[in-house]
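> One structure coming up, written as structure tokens, with questions to follow.
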2 protein chains.
Amino acid sequence: MGKPLPVSPLSRPLPDLATVAGVRLSAVAAGIRYQGRTDLMLAEFTPGTIATGVYTKNACPGAPVQWCRRALTTPYARALLVNAGNANVFTGRAGDEACEDCASAVSELFDCPPQDVFLASTGVIGEKLPQDRIIAALPAARAALAEDNWEQAARAIMTTDTFPKAARRDVKIGDTPVRLQGIAKGSGMIAPDMATMLAYVATDAKLPQDVLQSLLASGCAQSFNAITVDSDTSTSDMLMLFATGQADNVTIDDVNDPALAEFTLALNDLLLELALLVVRDGEGATKLIRVAVTGAESNFSAHRIALAVANSPLVKTAVAGEDANWGRVVMAVGKSGEPADRDRLSVAIGGTWIARNGTVVEGYDETPVVAHMKGQDIEIAVDLGLDDGHARVWTCDLTHGYIDINGSYRS
Amino acid sequence: MGKPLPVSPLSRPLPDLATVAGVRLSAVAAGIRYQGRTDLMLAEFTPGTIATGVYTKNACPGAPVQWCRRALTTPYARALLVNAGNANVFTGRAGDEACEDCASAVSELFDCPPQDVFLASTGVIGEKLPQDRIIAALPAARAALAEDNWEQAARAIMTTDTFPKAARRDVKIGDTPVRLQGIAKGSGMIAPDMATMLAYVATDAKLPQDVLQSLLASGCAQSFNAITVDSDTSTSDMLMLFATGQADNVTIDDVNDPALAEFTLALNDLLLELALLVVRDGEGATKLIRVAVTGAESNFSAHRIALAVANSPLVKTAVAGEDANWGRVVMAVGKSGEPADRDRLSVAIGGTWIARNGTVVEGYDETPVVAHMKGQDIEIAVDLGLDDGHARVWTCDLTHGYIDINGSYRS
């Protein structure tokens, strides 16, 4: 499987994790592909837990993604099973059968319908999932379930992530304290295949599925859909939110209920924290880049322009080289295909406006920009000067580390 | 300006170049940015020469691109002036004035209207073009004009290209021998900014502008619009075709005239040769990759899928690592957003079908594929199994060399 990767210089320590009432977790070693580590995570949710999810838009998704989409047609979740080491993608009918077998085995453990079991797999593509090993490990996984196993769960779903990722928020709905806690795995895969992003958030809040789905979709748009490492879209990406309803909060029927405002902000904030942890563990990343676009014709247009800048290999290599190469930002804006006018375009790096209205600022002094480029957090701002559309996107730089990780042979 | 780059391992020697009746060229050192080399190319076309061109779709094009678009509203070309070292992009009103000054100076040399002068600049962005140095070098450039200076011209327009690029075809229109000869510069820029692609083809054939424009547009679609190095679109890309009319060929009014068939094939072939030379000099390239897509819903859809594969950093790094990682090809197909059905998708590398109809071929033996991956010419084929849409796209691998070249500081 190759040498372990050095921990990303942009890593963050795990926060102080707590328990979420109604959630028990475990992590075991099922021997799917990795040796000497856990590779199977099981979560049990108390009966009545509501599930919602957002899945990859890739047209060739893995069998577990298709399973989860179908399972979401009923609102309940009783369990979540995630394995690392094999993605169960492009495995044809055998892949679907593996999902059915795993969900059936978990449903027997918890005496629930199979559609209340959610599944995910991350790892190598095109190899048959060894579901017998997973099913054989289930009794041990059930026996190990405990409320305080969140860190273990975060570690079991890692592939070539260089650090475990989790976030927590304690807030109130009305007067009732509720908790949000989540884990994620990101975009680092050396020996296997691709940059799958998985994130799972649980809360003890009591909320209906339509409200949860609305919250998750809008939170995802500003977080996981606003990050990019290399523009590639995994076949297995998913983000799920589970609400156990153990908190005795007031009834909420409307996503715009003021009583939900604090919770909504906390969820958005937690999702962004998890998403940025994924970028911080981007393959070979040495700098976190924020691209802020203003003045675009619409928010949608601004988002597309920001992604064009964030996905540009020329911009990302310039940042890696600590080069304030704003010309490449102009190029990326132009190639986005979105409305832009050269003579109204302005570009700033690290808060210093380098170009205004289509030409370099008179007497531009590169000194503060050069200093900014030497830091770990790089801020690129683009103003289109057209209207009030705005968006923010995060990415990381493109370095030799990326080539090392992705150019090495699967073995 | 940094050390000279090593010549690409995919380089090709210059072909045996000839003259094109009605075209004289020269190359001089104007001291625009580079030292100790030529950086200004002048071409003189005989009066009556017809011009046509295809320009970058980047929404923030350089001033010379805008100049050429306007100049093409009349069909004639008397001269072409190209400088390396400064792109005259994002230079505001001063950039437009530089174009007007240069065109005016050239028009005086040849006693022609300024709109018969075509201009191009390639190099660093956002710095004012030193047009005084260019204009001061024009008398020497005119004095040096000669029919056999094609190689010198190909060298003068290089930025960090590691080898000069040219191609030639001798064919007939009806019974009349005609010649096509062209030069190009590609995607290598270390100290300056971005991967500008410039290509100029001349022929002694006598053809009307609408026929030339139609030939160039369709030839470009299958060549320069079917190559990608890093998905970034330069602000200065252009491809132009000049027809001097010195050959005494039959009159052609229709692009589908059978008498033009041989010429059309030769032009397409020459354009593809020049385009592949650009890919062969892609920054850090060690392998040339051809992505062939069949079975798509349309040719347009096939082209988009092929580009998604060719632009995928995960695919390109896998090829650099000689890893037949077909799972990444599946991922790239899926992310293209084009119609695809996992269970009808097939993938081949080097002519060996690895996956058929959504799953790995029974008894797949990696041996011939591993051998293929060690070569310089990598062939990836994708069949969608939906309809008969097809397309071919070429790219190069993504290596440490790309990071070295693009991550180094402008100096």
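The values are calculated or read from the model by the stated rules, or taken from the named source; none is laboratory data. Predicted model only: the values in this text are computed from it and were never measured. Methodologically, a virtual Cβ is constructed for each residue, glycine included, from the backbone with ideal geometry; neighbour enumeration extends over all protein chains shown. We work out accessible area using only protein heavy atoms, side chains counted, and drop any ligands, DNA or RNA first. Shrake-Rupley method; radii C 1.70, N 1.55, O 1.52, S 1.80 Å.
> Provide the solvent-accessible area of residue A:353, counting protein heavy atoms only and rolling a 1.4 Å probe, rounded to the nearest 10 Å².
Spelled out: residue A:353, probe radius 1.4 Å, area about 80 Å².
> If you place +1 on the Cβ of every Lys and Arg, -1 on the Cβ of every Asp and Glu, and leave all else neutral, what size is the dipole of the protein assembly as shown about its Cα centre, to the nearest 20 Debye?
Details: 68 positive and 98 negative charges, 251 e Å.
Dipole of the protein assembly as shown, to the nearest 20 debye: 1200 debye.
> How much of the DSSP beta bridge set in region B:23-281 is antiparallel, as a percent to the nearest 5?
Looking only at bridges with both residues in region B:23-281, the antiparallel portion is about 70 percent.
> Shifting gears a bit: Distance between the C-alpha centers of region A:115-162 and region B:358-402? Whole Å please.
Measuring centre to centre over Cα atoms gives 32 Å.
> With contacts defined as alpha carbon pairs under 8 Å and 6 or more residues apart, what's the relative contact order of region B:267-362 in percent? Working shown, then result.
Details: 85 pairs, mean separation 16.7, N = 96.
Taking the mean separation of contacting Cα pairs over the length of region B:267-362, I get 17 percent.
> Interface size between chain B and chain A, please: total buried accessible area, 1.4 Å probe, rounded to the nearest 100 Å².
The buried area between B and A, both sides summed, comes to about 5100 Å².
> Suppose we keep just the DSSP beta bridges with both residues in region B:28-182; what percent of those would be antiparallel, to 5?
Details: 14 of 22 bridges.
In region B:28-182, approximately 65 percent of DSSP beta bridges are antiparallel ones.
> Assuming a ≥ b ≥ c are the square roots of the Cα gyration tensor eigenvalues, decide whether the protein assembly as shown counts as rounded (a/c under 1.5), prolate (otherwise, with a/b larger than b/c) or oblate.
On the way: a/c = 2.48, a/b = 1.83, b/c = 1.36.
Because a/c hits 1.5 or more and a/b exceeds b/c, the protein assembly as shown counts as prolate.
> Before I look further, what does the protein assembly as shown give for accessible area per residue, probe 1.4 Å, in whole square angstrom?
On the way: 28320 Å² over 822 residues.
Spelled out: the 1.4 Å probe surface of the protein assembly as shown, per residue, equals 34 Å².
> Under a straight-distance cross-link criterion of Cα-Cα below 17 Å, which aspartates and glutamates are reachable from residue A:165, leaving out those fewer than 8 residues away in the same chain?
Reachable aspartates and glutamates: A:16, A:39, A:148, A:151, A:237, A:269, A:273, A:281, A:283.
> Taking a point 7 Å out from Cα toward Cβ as the label site, list the nm distances between residue A:13 and the same residue in every other copy, smallest first.
Distances between equivalent label points, in nm: 6.5.
> Could I ask something else about it? Rounded to the nearest 20 Debye, what is the dipole magnitude of region B:288-407 about its Cα centre when Lys and Arg each give +1 and Asp and Glu each give -1 at the C-beta?
Numbers: 10 positive and 16 negative charges, 52 e Å.
Computed charge dipole of region B:288-407: roughly 240 debye.
> Shifting gears a bit: Placing +1 at every Lys and Arg Cβ and -1 at every Asp and Glu Cβ, with all other atoms neutral, what dipole size does region B:23-281 have around its Cα centre, in debye to the nearest 20? Intermediate values should be presented prior to the final figure.
Numbers: 20 positive and 31 negative charges, 101 e Å.
Computed charge dipole of region B:23-281: roughly 480 debye.
> If one computes the Cα centroid of region B:1-50 and of region A:50-76, what distance in Å separates the two points?
57 Å
> Same structure, new question: Out of residues 5 or more away from residue B:85 or on other chains, whose amide H comes under 5 Å of its own, with H placed 1.01 Å from N in the peptide plane?
Correct list: B:122, B:123, B:124.
> Antiparallel versus total DSSP beta bridges in the protein assembly as shown: what percent is that, nearest 5? Let's see the in-between values first.
On the way: 100 of 145 bridges.
Counting only bridges with both partners in the protein assembly as shown, antiparallel ones make up about 70 percent.
> Students sometimes get this wrong: rank A:298, A:346 by accessible area, probe 1.4 Å, all chains present, largest first.
Details: A:298 45, A:346 5 Å².
If we order A:298, A:346 from most to least accessible, we get A:298, A:346.
> Each residue of region A:23-29 in order: what ³J(HN,Hα) in whole Hz does its phi give by Karplus 6.51 cos²θ - 1.76 cosθ + 1.60, θ = phi - 60°, with x for Gly and Pro?
10, 10, 9, 8, 9, 9, 9
> Percent of Cα-Cα pairs per 10 Å bin, from 0 to the last occupied bin, for region B:288-407, please list those.
15, 48, 30, 6, 0
> For a quick check: with amide H placed at 1.01 Å from N, whose amide H comes under 5 Å from residue B:176's, ignoring anything fewer than 5 positions away on the same chain?
Those lying under 5 Å, H to H, from residue B:176 are B:250.
> Okay, helix-only estimate at 222 nm for chain A: each DSSP H run of n ≥ 4 adds -39500 (n - 2.57), divide by all residues, round to 500 deg cm²/dmol; what do you get? Numbers along the way, then the final one.
Working: 11 runs with 126 residues, N = 411.
For chain A, the value works out to -9500 deg cm²/dmol.
> Would you kindly derive the ³J(HN,Hα) couplings of region A:247-260 from the backbone phi angles with the Karplus curve 6.51 cos²θ - 1.76 cosθ + 1.60 (θ = phi - 60°), listing them in order in whole Hz, with x for Gly and Pro?
So the J values, rounded to whole Hz, are 7, 9, 6, 4, 5, 10, 10, 10, 4, 9, 4, x, 5, 9.
> Separate question: How crowded by other chains is B:306-314, given as the mean number of beta carbons from other chains within 10 Å of each beta carbon?
Details: counts 0, 0, 3, 0, 0, 4, 5, 13, 14.
If you average over the peptide's residues, the count of other-chain Cβ atoms is 4.
> Here is a follow-up. Give the nm distances, rounded to one decimal, from residue B:57 to the matching residue in every other copy, measuring between label points 7 Å along Cα toward the beta carbon; shortest first.
1.8
> While we're on this one: Enter the mean projected area of the convex hull around the alpha-carbon atoms of region B:25-128, in nm², rounded to one decimal.
Details: hull surface 25.4 nm².
Seen from a random direction, the Cα hull of region B:25-128 projects 6.3 nm² on average.
> Considering only protein heavy atoms, what is the solvent-accessible area of residue B:158 at a probe of 1.4 Å, reported in Å² to the nearest 10?
20 Å²
> Then there's this: How many nm is it between the label spots at residue A:29 and residue A:16, if each spot is 7 Å from the Cα in line with the beta carbon?
3.3 nm
> Compute the distance in nm between two label points, each set 7 Å from the Cα along the Cα-to-Cβ direction, one at residue A:250 and one at residue A:210.
About 2.0 nm separates the two model spin labels.
> ³J(HN,Hα) across region A:300-314 via Karplus (A = 6.51, B = -1.76, C = 1.60, θ = phi - 60°), whole Hz, x for Gly/Pro?
Ordered by residue, 3J(HN,Hα) equals 4, 4, 4, 4, 5, 5, 4, 5, 4, 5, 5, 8, 6, x, 5 Hz.
> Using a 7 Å offset from the Cα along the Cα-to-Cβ direction at both residue B:145 and residue B:262, what is the distance between the two label points in nm, to one decimal?
Roughly 3.1 nm, to one decimal.
> Moving on. If the reach is capped at under 24 angstrom between alpha carbons, list the lysines near residue B:374, excluding any in the same chain fewer than eight residues apart.
A:3, B:287, B:316
> Stick to Cα atoms and the Kirkwood definition of Rh, then tell me Rg/Rh for chain B. Kindly include the intermediate steps, with their values, before the conclusion.
Working: Rg = 22.0 Å, Rh = 22.1 Å.
Rg/Rh for chain B comes to 0.99.
> When only Cα pairs under 8 Å and 6 or more residues apart are kept, what is the percent relative contact order across chain A?
Working: 1025 pairs, mean separation 75.2, N = 411.
Result for chain A is 18 percent.
> Show me the ranking of peptides B:160-173, A:111-124 by mean Cβ neighbours inside 10 Å, starting with the highest. Working shown, then result.
On the way: B:160-173: 20.6, A:111-124: 22.4.
Ranked by mean Cβ neighbours within 10 Å, highest first: A:111-124, B:160-173.
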